[in-house]
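K.L.:
Structure in structure tokens, see below.
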Amino acid sequence: MNRNIVIHWFRQDLRLADSSSFSAAIRLGAVLPVYIYDEHNAGDHHIGAASRWWLHHSLNALNKSLNGKLSIHKGDPKKILIDLVQEHNVKAVYWNRCYEPWRITRDVKIKKALEAHNTESHSFNGSLLWEPWEILKKDNTPYKVFTPYYKKGCLELNPPREPVSKPLKMELYNESTTKLSINDLRLIPKIKWYKTLEPHWNIGEISAKERLYAFIEDELVNYKQGRDFPALKSVSRLSPHLHFGEISPNQIWYAAKSIEDSDDQEHFLRELGWREFSYHLLYHFPSLPRDNLQTKFDKFPWVENDVYLHSWQRGQTGYPLVDAGMRELWQTGYMHNRVRMVVGSFLVKNLLLHWHHGEKWFWDCLVDADLASNSASWQWIAGCGADAAPYFRVFNPTTQGQKFDPNGEYTKRFVPELSAMPNKYLFNPWDAPREVLQEAGVKLGKDYPKPIVDIKLSRLRALEAYQSLKQ
């Protein structure tokens, strides 16, 4: 029996299949599987509440697949890993890379500390199709526009590596003492608000694979058009599984490539490309979560209005599609991508509230809260980021609802007080005649709020604010 003891440090890769680090560690010796809950280094981007709930269940699923041998720790990873190395005479520490700036800084220090203790350390790509430093323009500068990044950068490189199966044989090292249990991490809050999330998700590596193949077999066929309609089952809902590494992008990429080429397939693969682009931006512009990529927006005249912000957060803006999206987020930990664009545009353009407010709220409420995607997407919708939507493009929540939720199925599901409203007035109830409102049992300002801003006037105000940047 090979008695080399190797730590595989689980991070955002809570799976056994297609894990470059875990597979390499298994080949080297007996693996001590470790998870460290790091509150020490994350700073402002410590994991949000909804993501903590998901993490709890994902760790339980991983621990089950490891026959209960996952070693759980909490604290500073550098100290914990050095202690484990010394306690168990560990030969090497392996992990899959993460790309958040604070993790990169931390991991560099850990590698140096391990080297000082004569312990090998190796990191692998376990969460991206292409490394951020692999894709650069001819002048060796990073891309800031998605299409050339994806077409000239990604697709002209070697294709992503093909995924590998879970190791057939695993020798797992048994610690002599038990450290912590998953419950000891206290990821689940005492107030049971998360009960509304539970019916919407099955968590863990097995569930991630089931969701992937259900999407590929039954739902991808209508992806190109259907992905814009929130009432349809035409999106993968794989983002939280992908964020926590319950499934790899390589597994998703090749599952999609396994079917016949189509526009639906191409558009889905392109969405994986957008995720890669977000990581590309975060790696090359590590201040992305806080600083405008387009520095002219540093002078943008944002307003502060707690009433507006609270109304937006709680889905009480008086605009039904916006409110449906915000309530979907609150109740499920998720929001359909089309609706994310609508609620984001409403926050930063119609309410003139800083995109930081949206980024922070999504970070706490999303089960798929991902620093790269969340930051890049909020900068995109605000108009201040790379490849950003033009600032003058303001999503009208009324016409967006009429176009993409024409039967009102999505909106009425999350705004049930309007369930009896005829579709003609569902997205603009303020225009409904008194008798229509009475018949629907809706009194504006009591059963459902009146609009907190005028959509046309607020759009003009936003455009004036944008013009002020040019002066």
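K.L.:
Tally time: how many residues in segment 332-361 are closer than 14 Å to TYR319 by Cα and either not assigned by TED's automatic domain parsing to the domain that holds ARG459 or not in a helix (DSSP H, G or I) (or both)?
P.N.:
Residues flagged as closer than 14 Å to TYR319 by Cα and either not assigned by TED's automatic domain parsing to the domain that holds ARG459 or not in a helix (DSSP H, G or I) (or both) within segment 332-361 amount to 1.
K.L.:
For the list (1) surrounded by fewer than 16 Cβ atoms within 10 Å (Cβ to Cβ); (2) within 24 Å of the chain's Cα centre (by Cα); (3) within 24 Å of ALA17 (Cβ to Cβ), I need the number of the one condition that ASN174 fails.
P.N.:
(2)
K.L.:
Follow-up question, since we're still on this one. Name the residue, out of ASP447, ASP431, that is touching an Asp or Glu at 6+ places or on another chain (Cβ under 7 Å) and more than 21 Å from ARG338 (Cα to Cα).
P.N.:
ASP447
K.L.:
Is it fair to say ASN89 is without any contact (Cβ under 8 Å) to a residue 60 or more places away in the chain, surrounded by fewer than 20 Cβ atoms within 10 Å (Cβ to Cβ) and farther than 28 Å from LEU288 by Cβ?
P.N.:
The answer is no for ASN89.
K.L.:
From (1) assigned to a helix (DSSP H, G or I); (2) over 24 Å from THR332 (Cα atoms), pick out the condition that doesn't hold for THR411.
P.N.:
Every listed condition holds for THR411 apart from (2).
K.L.:
Of the residues in segment 92-110, how many are crowded, with 17+ Cβ neighbours inside 10 Å and either modelled with pLDDT under 95 or not in a loop (DSSP other than H, G, I, E, B) (or both)?
P.N.:
Qualifying residue count for the region: 11.
K.L.:
Being among the aromatic types (Phe, Trp, Tyr), part of a helix (DSSP H, G or I) and buried (at least 17 other Cβ atoms within 10 Å of the Cβ) is the filter here, so list the residues in segment 202-252 that pass it.
P.N.:
PHE215, TYR223
K.L.:
I've got another one for you. For the subset of segment 400-434 comprising residues that are free of Cβ contacts under 8 Å to residues at least 24 places away in the same chain and of a type in the set (Ser, Thr, Tyr), which member is farthest from SER458 (Cα to Cα)?
P.N.:
Out of the qualifying residues, it is SER419.
K.L.:
Counting just the residues of segment 284-327 that are touching a strand residue (DSSP E or B) at 6+ places or on another chain (Cβ under 9 Å) and part of a helix (DSSP H, G or I), which one comes out surrounded by the most Cβ atoms within 10 Å (Cβ to Cβ)?
P.N.:
PRO320
K.L.:
If I filter segment 77-90 for residues that are touching a Lys or Arg at 6+ places or on another chain (Cβ under 8 Å) and either assigned by TED's automatic domain parsing to the domain that holds LYS111 or not hydrophobic (A, V, I, L, M, F, W, C) (or both), do I get at least one hit?
P.N.:
yes
K.L.:
Then there is this: Checking the conditions here, which among LEU426, LEU437, LEU352 is touching a strand residue (DSSP E or B) at 6+ places or on another chain (Cβ under 6 Å) and more than 23 Å from PRO286 (Cα to Cα)?
P.N.:
LEU352
K.L.:
Okay, next question. Among all residue pairs at least 6 apart or on different chains, which show Cβ distances below 6 Å where the first residue, located in segment 73-86, is at negative phi and the second is aromatic (Phe, Trp, Tyr)?
P.N.:
Within 6 Å, the pairs are LYS74/TYR37.
K.L.:
Before we move on, is GLY401 assigned by TED's automatic domain parsing to the domain that holds ASP306 and at positive phi?
P.N.:
no
K.L.:
Scan segment 396-427 for residues that are surrounded by fewer than 22 Cβ atoms within 10 Å (Cβ to Cβ) and either modelled with pLDDT under 95 or among the hydroxyl-bearing types (Ser, Thr, Tyr) (or both) and jot them down.
P.N.:
Residues satisfying the conditions are THR398, THR399, SER419, TYR425.
K.L.:
Scan segment 291-306 and report the pairs whose first residue is touching a residue at least 60 places away in the same chain (Cβ under 8 Å) and whose second residue is part of a loop (DSSP other than H, G, I, E, B) and among the charged types (D, E, K, R), with Cβ atoms within less than 8 Å and a gap of 6+ or a chain change.
P.N.:
Partner pairs satisfying both residue conditions: LEU293/LYS144.
K.L.:
Given the residues TRP363, TRP312, which is the only one that is among the hydrophobic types (A, V, I, L, M, F, W, C), more than 20 Å from ILE455 (Cα to Cα) and at pLDDT 95 or above?
P.N.:
TRP363
K.L.:
Look at LEU463 and say whether it is over 28 Å from THR332 (Cα atoms), assigned to a helix (DSSP H, G or I), modelled with pLDDT under 95 and not charged (D, E, K, R).
P.N.:
Taking the combined requirement at face value, the residue satisfies it.
So that you can scan it fast, the table gives a plain yes or no per residue for (1) assigned to a helix (DSSP H, G or I); (2) surrounded by fewer than 19 Cβ atoms within 10 Å (Cβ to Cβ); (3) in contact with a Lys or Arg (Cβ under 9 Å, 6 or more places away or on another chain):
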site	(1), (2), (3)
VAL6	no, no, yes
LEU14	no, no, no
ALA17	no, no, yes
SER21	yes, no, yes
ASP44	yes, yes, yes
LEU55	yes, no, no
ASN60	yes, yes, no
LYS64	yes, yes, no
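K.L.:
When the residues of segment 445-471 are narrowed to those that are touching a Leu at 6+ places or on another chain (Cβ under 7 Å) and of a type in the set (A, V, I, L, M, F, W, C), which ends up nearest to VAL348 (Cα to Cα)?
P.N.:
So, considering only residues that are touching a Leu at 6+ places or on another chain (Cβ under 7 Å) and of a type in the set (A, V, I, L, M, F, W, C), the one nearest to VAL348 (Cα to Cα) is ALA462.
The values are calculated or read from the model by the stated rules, or taken from the named source; none is laboratory data. Values in this document were obtained by computation on a predicted structure and should not be read as measured data. Glycine also receives a Cβ, built like all others from the backbone with ideal geometry; neighbour counts cover every protein chain displayed.
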